[in-house]
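J.: Before anything else, here's the structure in question.
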Amino acid sequence: MKSIKNRLKTSIISLTAALFLGGSAMADTWRYAHEEYEGDVQDVYAYAFKDYVEANSDHKLKIYRFGQLGESDDIMEQTQGGILQFVNQSPGFTGSLIPEAQIFFIPYLMPTDMQSVIQFFRDSKAINDMFPKLYDKQGLELLKMYPEGEMVVTADEPVTSPEDFNGKKIRVMTNPLLSATYEAFGATPTPLPWGEVYGALQTNMIQGQENPIFWIESGGLFEVSPHLTFTRHGWFTTAMMANQDFFEGLSEEDKELVRKGAEHAFEVIITHIDGLADSALEKIQEKSDEVTVTRLTDEQIEKFKARAPQVEEAFIEMTGKSGEKLLKQFKEDLAASSAAD
Ligand code: 6CS
């Protein structure tokens, strides 16, 4: 039988070894914040990631939803400062930190059918090779970019032409290119953080906004902005990342765990968003008699599309050579993904 002294010695040696070997031998609790509510797309992603990590290691994940730690900009700041290990922030907000992330707001650049969009996110060099380098410069390890849903405009009346937008204040997420898009569409863009949108619509400080249908339903936006227009101009994209110092400090095994967890959650999301817009629209229509749904005709879309080139120019002006290179690759990737379809 081992003496107490020997057993103590063995424990001290194993503890020292564990500390020495770093992350993989120690069970940690990692903090992860996102921008949405319970059951929304970012929440489903976060929980799929958590399930994977917890099923394949001794680590635990604590997830914080919208509002628990502040607005989108707050959770990004906390991640850059190392208070949080993981954050999900959408390019709609990251655009002020990484101007190239605004590429998602060039209207009519992304395809409208879901299969091409998914193919694009899976294969795109711009998404999978170029964007991680841009996030890297901000101390962030980009782990996944993924689509949440097609953008739909809600307003105080149906919008079928750029003229219908005249005189309307439309809320945009806080990045300058999205403002350029709505200016080009004929509206008066009004950048606001998410927490202020419902109240601003309710008090008529703004007359509309854009978001995917699931969010229009879950955030109750249809109650205060009941006229939905499918303009087919883009997709809501988001991104999940880690504080880079934290990520770099992980063992190879834990880095692989995190990467695989991010991949696993992507697959879960692709299934989750399939049919989500239709079911959310049904729920909205069950809850409200006031809601109208307008799907623009090809001819009506052409009027909006004609205004896209000026937004593309604004993107190049804001991002220079780096943005130009990204846009070129983005377009090549898009062509490849629609050809593969
Ligand atoms: O419009 C927004 O600000 C919010 N929209 C979605 C779909 N997710 C989070 C974001 O803050």
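The values are calculated or read from the model by the stated rules, or taken from the named source; none is laboratory data. This one's a predicted model, so the numbers in the text were calculated from it and none came from an experiment. FYI the Cβ positions are ideal-geometry reconstructions off the backbone, even for glycines, and counts take in every protein chain you see.
J.: Do any helices (runs of 4 or more DSSP H) entirely within the range 242-337 hold 3 or more residues that are of a type in the set (Asp, Glu) and closer than 21 Å to residue 142 by Cβ, and if so, which?
T.: On the way: elements: 244-248, 252-273, 276-287, 298-305.
Result: 252-273.
J.: Quick one: in the range 195-224, of everything that is of a type in the set (D, E, K, R) and closer than 21 Å to residue 179 by Cα, which residue is surrounded by the fewest Cβ atoms within 10 Å (Cβ to Cβ)? Walk me through it before giving the result.
T.: Pass one, the range 195-224, residues of a type in the set (D, E, K, R): 196, 210, 217, 223.
Adding the requirement that they be closer than 21 Å to residue 179 by Cα leaves 196, 210.
Values: 196: 14, 210: 26.
My answer is 196.
J.: Could I ask something else about it? Hey, can you tell me all the residues within the range 30-52 that are touching a His at 6+ places or on another chain (Cβ under 9 Å) and within 26 Å of residue 94 (Cα to Cα)? Explain how you work it out, then say what you get.
T.: To start, the set of residues in the range 30-52 that are touching a His at 6+ places or on another chain (Cβ under 9 Å) comprises 30, 40-46, 48-49, 51-52.
If the condition is that a residue be touching a His at 6+ places or on another chain (Cβ under 9 Å) and within 26 Å of residue 94 (Cα to Cα), then 30, 40, 41, 42, 43, 44, 45, 46, 48, 49 are the ones that fit.
J.: Still on this structure: With respect to residue 132, is the statement that it is under 18 Å from residue 326 (Cβ atoms), within 16 Å of the ligand (Cβ to nearest atom) and not β-branched (Val, Ile, Thr) true? Please lay out each step first, then the result.
T.: Working: under 18 Å from residue 326 (Cβ atoms): yes; within 16 Å of the ligand (Cβ to nearest atom): no; not β-branched (Val, Ile, Thr): yes.
No.
J.: Do we find that residue 190 is in a helix (DSSP H, G or I) and among the polar types (S, T, N, Q) in this structure? It would help to see each step written out before you state the result.
T.: Details: in a helix (DSSP H, G or I): no; among the polar types (S, T, N, Q): yes.
Against the criterion (in a helix (DSSP H, G or I) and among the polar types (S, T, N, Q)), residue 190 does not qualify.
J.: Would you point out which residue out of 195, 149, 199, 139 is without any contact (Cβ under 8 Å) to a residue 12 or more places away in the chain and within 18 Å of residue 72 (Cβ to Cβ)? Spell out how you get there, then give the answer.
T.: Working: 195 fails: without any contact (Cβ under 8 Å) to a residue 12 or more places away in the chain; 149 fails: without any contact (Cβ under 8 Å) to a residue 12 or more places away in the chain; 139 fails: without any contact (Cβ under 8 Å) to a residue 12 or more places away in the chain.
Answer to the selection: 199.
J.: Go through the range 77-102 and report how many residues are of a type in the set (A, V, I, L, M, F, W, C) and within 12 Å of the ligand (Cβ to nearest atom). Even if it seems obvious, please write down each step before you answer.
T.: To start, the set of residues in the range 77-102 that are of a type in the set (A, V, I, L, M, F, W, C) comprises 83-84, 86-87, 93, 97-98, 101.
Checking which are within 12 Å of the ligand (Cβ to nearest atom) leaves us with 93.
Going through the range 77-102 one residue at a time, the tally reaches 1.
J.: Looking only at residues in the range 54-72 that are more than 16 Å from the ligand (Cβ to nearest atom) and among the charged types (D, E, K, R), which one is farthest from residue 191 (Cα to Cα)?
T.: Here is the first cut: in the range 54-72, the residues more than 16 Å from the ligand (Cβ to nearest atom) are 54-62.
When the remaining residues are screened for being among the charged types (D, E, K, R), the result is 54, 58, 60, 62.
Working: 54: 38, 58: 42, 60: 36, 62: 30 Å.
Among those that are more than 16 Å from the ligand (Cβ to nearest atom) and among the charged types (D, E, K, R), it is 58.
J.: Ok, one more. Here are the criteria: (1) within 13 Å of the ligand (Cβ to nearest atom); (2) over 24 Å from residue 305 (Cβ atoms); (3) aliphatic (A, V, I, L, M). Tell me which single one residue 216 does not satisfy.
T.: Only one criterion is unmet by residue 216, namely (2).
J.: Regarding residue 334, is this residue of a type in the set (A, V, I, L, M, F, W, C), farther than 20 Å from residue 150 by Cβ and within 22 Å of the chain's Cα centre (by Cα)? Walk me through how you get there before you give the answer.
T.: Values: of a type in the set (A, V, I, L, M, F, W, C): yes; farther than 20 Å from residue 150 by Cβ: no; within 22 Å of the chain's Cα centre (by Cα): yes.
No.
J.: Residues of the range 100-127 being more than 15 Å from residue 338 (Cβ to Cβ) and more than 15 Å from the chain's Cα centre (by Cα), which ones?
T.: Correct list: 106, 107, 125.
J.: Go through the range 83-183 and tell me which strands (runs of 3 or more DSSP E), entirely inside it, have 3 or more residues that are closer than 30 Å to residue 227 by Cα.
T.: Filter on the range 83-183 gives 140-155, 169-172.
J.: Let me ask you something else. For the range 29-78, give me each residue that is β-branched (Val, Ile, Thr) and more than 13 Å from the chain's Cα centre (by Cα). So that I can check it myself, show each step before the final result.
T.: Restricting attention to the range 29-78, the residues satisfying the condition of being β-branched (Val, Ile, Thr) are 29, 41, 44, 53, 63, 75.
Answer for the range 29-78, where residues must be β-branched (Val, Ile, Thr) and more than 13 Å from the chain's Cα centre (by Cα): 29, 53, 63, 75.
J.: Another question, then. So, residue 122, is that one at pLDDT 95 or above, of a type in the set (Lys, Arg) and surrounded by 17 or more Cβ atoms within 10 Å (Cβ to Cβ) or not? Quick ask: steps written out before the conclusion?
T.: Details: at pLDDT 95 or above: yes; of a type in the set (Lys, Arg): yes; surrounded by 17 or more Cβ atoms within 10 Å (Cβ to Cβ): no.
Judged against the criteria, residue 122 is not a match.
J.: Here is a further query. Which count do you get for residues in the range 219-238 that are within 12 Å of the ligand (Cβ to nearest atom) and either free of Cβ contacts under 8 Å to residues at least 40 places away in the same chain or of a type in the set (Val, Ile, Thr) (or both)?
T.: The total comes to 2.
J.: When you check residue 299 against the structure, is it on the phi < 0 side of the Ramachandran plot and either free of Cβ contacts under 8 Å to residues at least 60 places away in the same chain or exposed (fewer than 14 other Cβ atoms within 10 Å of the Cβ) (or both), yes or no? Before you say what the answer is, go through the steps one by one.
T.: Details: on the phi < 0 side of the Ramachandran plot: yes; either free of Cβ contacts under 8 Å to residues at least 60 places away in the same chain or exposed (fewer than 14 other Cβ atoms within 10 Å of the Cβ) (or both): yes.
Criteria met by residue 299.
For every residue, the table says whether it meets (1) in a helix (DSSP H, G or I); (2) modelled with pLDDT under 95; (3) closer than 19 Å to residue 268 by Cα.
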| site | (1), (2), (3) |
| --- | --- |
| 39 | no, no, yes |
| 44 | yes, no, yes |
| 49 | yes, no, yes |
| 53 | yes, no, yes |
| 66 | no, no, no |
| 74 | yes, no, no |
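J.: Any residue at all in the range 239-250 that is within 13 Å of the ligand (Cβ to nearest atom), at pLDDT 95 or above and not aliphatic (A, V, I, L, M)?
T.: No; the residues of the range 239-250 include none that is within 13 Å of the ligand (Cβ to nearest atom), at pLDDT 95 or above and not aliphatic (A, V, I, L, M).
J.: How about the range 169-205: which of its residues are among the hydrophobic types (A, V, I, L, M, F, W, C) and either within 11 Å of the ligand (Cβ to nearest atom) or closer than 22 Å to residue 314 by Cβ (or both)?
T.: Applying the first criterion (among the hydrophobic types (A, V, I, L, M, F, W, C)) to the range 169-205 yields 170, 172-173, 177-178, 180, 184-185, 187, 192, 194, 197, 200-201, 205.
Within the range 169-205, 170, 172, 173, 177, 178, 180, 184, 185, 187, 192, 194, 197 meet the criteria.
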